[in-house]
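See structure below.
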Amino acid sequence: MQASPPTNDRYYFKTIEQRWQQRWEEEKTWKVSHRAERPKYYVLEMFPYPSGRIHMGHVRNYSIGDVVARYKRMRGFNVLHPMGWDAFGLPAENAAMKRGIHPAAWTHDNIDYMRGQLKAMGLSYDWERELATCGPDYYRWEQQLFLSMLEKGLIYRKETTVNWCDDCQTVLAREQVIDGACWRCDQPVLPKTMHGWFFKITSYAEELLADLDQLTGWPEKVVTMQRNWIGKSTGLACQFQVENSDQAIGIFTTRPDTVFGVTFMSLAVEHPMIDLLVQGKPQEEEVRAFMHETVLAKQRSSLDQELDKRGVFTGSYCTNPFTNERIPIYVANFVLMEYGTGAVMAVPAHDQRDFEFARTYDLPIKVVVQPEGDPFDPATMAEAFEGPGALVNSGQFTGMESIAAQQAIIAEAQRRQFGAPHVTYRLRDWGISRQRYWGAPIPVIHCDNCGIVPVPESDLPILLPGADEPAGSHSPLHQQPDFIAATCPRCGRQARRETDTLDTFVESSWYFARYTNPGLDSAPIDKEAAAYWLPVDQYIGGVEHAILHLLYARFFTKMLRDLGYLTVDEPFTNLLTQGMVIKDGAKMSKSKGNVVDPNDLINQYGADTVRLFSLFAAPPERDLEWNAQGVEGASRFLNRVFRMIMSQRACFDQSVTVDLANLNAVSRTLHRKTHQTIKRVTESIESNFHFNTAISGIMELVNLVTAPTDEPVDAAVLREAFSTILTLLFPMAPHLCEELWQATGHEQPLNDAAWPAFNADAAKEDEITIVIQVNGKVRGKVLVAADTNEASLKQLAVNDEKVAKMLAGQQPKKIIVVPKKLVNIVL
RNA sequence: GCGAGAGUGGUGAAAUUGGUAGACGCACUGGACUUAGGAUCCAGCGGGCCAGCCCAUGGGGGUUCGAGUCCCCCCUCUCGCACCA
């Protein structure tokens, strides 16, 4: 290794950073194994999509993760810190089309470039674990997991109305539809009927909800969002017999206590029983016209505005099983087929939507829940009463309170066998079929004889055709006859290969488990390695993944546990959702034209400066306001550290230890501050990763060392201060600190050093400032020995010149002494 | 509408269990060193009358010897969900 001559006045970050990066690369400094004595720590940043080049959001995300990784290593942990690429997806296909190249080529070029950028940041990854989800060595195992899930009944195929993005020519999951538009291209989403594959995530709904309580290391906001997304409702499922028919309509309600107030029934326009109800009725034509019109209106309104409540009578009636009342059946535009049963028992007095509908069509309103106060008058009510109260007009349940009545009514329905307690979730099964090329092929074969036949495991992987030939086709698979042609594994006849590819969110749902042994060629997951490393101790990424990715990953973890691969229930013990990088009041983005390219910054200031700035400007969970001058500030600080240590490194020549008894005042103060800083920095990192305050603590120590003094500083104390500064700063600015560590004569790299030990005695102040207050207002300060007792403090306060003046001889009412803090005199 | 979070100097932000509000940085001002300084160093830096004091953590109440911190009401902003029966 070539050593550049150390100089006292110039911090050549380029030379320094290249030298250490090269050494880390050659020595594979961060290679880890699950066979180790030390306790494990798994820190993971959400892996990037290889879009071209890294942006400031990446810089921030990976700087935070790298500090955690390096800090934990210094604390003695065996740290797993991997990196890879979420490499399948639409942008590659779009870019490929635009440029006339293959998506694989585009993706791999981007990966190569971005890998170089990450290495230029000096991030401490175990690069031997790098994986790209578009590689057959990754998706082959995903295909195998698909087969296992299929076998277990966790995957099914059905025809549904899907969210179709015409621009992207593909289906979207419900989670990928934002305000009626595609999450990627922002174009309106259209309904389309087609066959698709689904993961039965709903069979884990209860566990996904219940285990949220375990996630105490997650931001409450994310837990709440997931809870709302899963959306559990409990209530009564109940049958309403259709008049003159052997059919019944099933309904679900969370308010069984209002069942005596039902005055009509509303069906979604998609409800399968409508045909039967209107057949031969005079209303048939009107109902069909309404259904048609409503379907069109729902498409046009792109879901973002509430429609007026409208509907038509079907001409049919059903019977309320509790009252035997005759209930007219309507079709209504506001009832959702996807939730509950698509049929609603309408209680206009106690549901605002039903109320509006009833007022529009002049339907009866019957009050059955009455809170204390004046009784409601259906004729004059301005809105529905949705709160609890005592039941009225409710037969045997009259007089009961809502909550008790709900239980009693459900019990009654059960006893009389027309209803039962029921739980409904908002969460729906995860549609995973995509009609695009650049994704993992779904490993099944369609046979006219045998139906859907899984591809035998020995035939895996089903390779994505053309991916390893630069000129290969990247048309959607349903347009590639060579791919489609297959023989049925069961009967041997000609059959068709499935042409859907998997949603890219499938890849990111289990990559963290694959990292524990990414090269394994006999199974998707190395059970031994996964048992050692998982769960991820600290996961770090953007809050935009609060629902989608994090819910899917949790689902996969539970599913992989049930398949025998994992032993944990939850994948991520602690979650840090970092804020956005903001410039000029808006998120940095190409479309806004306010991006700052990390490359330019690294070239101009060096990786350490860029890292330091992104850590110092704001705590990680908060948005980070971009500020060019702030980068200058970070750069200035590192230069100061460099000059400070290079100009005084002679103190490292002798190895004397700190001799507390013989220190002058300046040295004693520095020794104390050094230990106080260790405590402060450690606590800032440990409690909540507030690196901004950790860095300001180090800055204070540097300020003290460089402040002019009238006494010489003891060499051992100075050396201790310098070592401490370098060690504490190392996780944030590793290149500079390693360089200075070496320049001060250390043989072992700082990377292998331990976090400095805090000495409480050394940090203890022997003199403290006591604040003197009168009536809670600061009136003076006095410097006293730390062990001054309460009585003396009181005396000191009363004798204070200013206090004495205010007292003017009178006795204070009360004197409050807070040890080591203040004395408050109450007049 | 429902749910969650946040409002502190010119600015990014700090403030154990309630205990000196504004640490640290940026910007700014003055000075030193310099042919020069956008380098570096020293000093100042919430507001007002510039002494002593008063006013200041979105606004208004309250609890307390003492409130940025706890309680109640209101305002503003951000983010999620949104006809979920």
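A short reminder: the numbers here are calculations on the coordinates, not readings from a lab. Small disclaimer: the values here were computed from a predicted structure and weren't measured. Virtual Cβ from ideal backbone geometry, glycine too; neighbours counted across all protein chains shown.
Among the listed pairs A:Lys777/A:Lys820; A:Lys764/A:Lys794; A:Lys221/A:Lys679; A:Lys281/A:Lys366; A:Lys777/A:Lys813, those with a Cα-Cα distance over 25 Å are A:Lys221/A:Lys679; A:Lys281/A:Lys366. Normalising the average separation of contacting C-alpha pairs (under 8 angstrom, six or more residues apart) by the number of residues puts the relative contact order of chain A at 14 percent. Sorting A:Leu80, A:Leu520, A:Leu548, A:Leu277 by the number of Cβ atoms found within 10 Å of their own Cβ, with the fewest placed first, yields A:Leu520, A:Leu548, A:Leu277, A:Leu80. Placing unit charges on the Cβ atoms only, positive for Lys and Arg and negative for Asp and Glu, gives region A:208-270 a dipole magnitude near 240 debye about its Cα centre. When a/c is below 1.5 the answer is rounded, else prolate if a/b is larger than b/c, else oblate, so apply that to chain A with a ≥ b ≥ c taken from the square roots of the Cα gyration tensor eigenvalues. Oblate, because a/c is 1.5 or more while a/b does not exceed b/c. When only Cα pairs below 8 angstrom with a gap of at least 6 residues are kept, region A:725-827 shows a relative contact order of 23 percent.
Each residue of region A:466-481 was assigned a 3J(HN,Hα) from its phi angle through the Karplus curve 6.51 cos²θ - 1.76 cosθ + 1.60 (θ = phi - 60°); the sequence is x, 6, 9, 10, x, 9, x, 6, 10, 5, x, 4, 5, 9, 10, x Hz, with glycine and proline shown as x. Only DSSP H runs of four or more residues enter the estimate; each adds -39500 (n - 2.57), and after division by the residues of chain A the mean residue ellipticity at 222 nm equals -11000 deg cm²/dmol. Each peptide in A:58-71, A:777-790, A:323-336 gets a packing score, the mean of other Cβ atoms within 10 Å over its residues, and the list from highest to lowest is A:58-71, A:323-336, A:777-790. Express the Stokes-Einstein translational diffusion coefficient of region A:673-827 in µm² s⁻¹, to the nearest whole number, given a Kirkwood radius over alpha-carbon pairs, 37 °C and a viscosity of 0.692 mPa s. Reported coefficient: 177 µm²/s.
For region A:277-402, the alpha-carbon coordinates run over 45, 35, 27 Å along the three principal axes, in decreasing order. Here chain A is treated with +1 on each Lys and Arg Cβ and -1 on each Asp and Glu Cβ, and its dipole about the Cα centre works out to around 1580 debye.
The ranking of A:Thr769, A:Thr193 by Cβ neighbour count inside 10 Å, starting from the fewest, reads A:Thr193, A:Thr769. Counting beta carbons within 10 Å around each of A:Met345, A:Met114, A:Met337, A:Met97 and listing the fewest first gives the order A:Met97, A:Met337, A:Met114, A:Met345.
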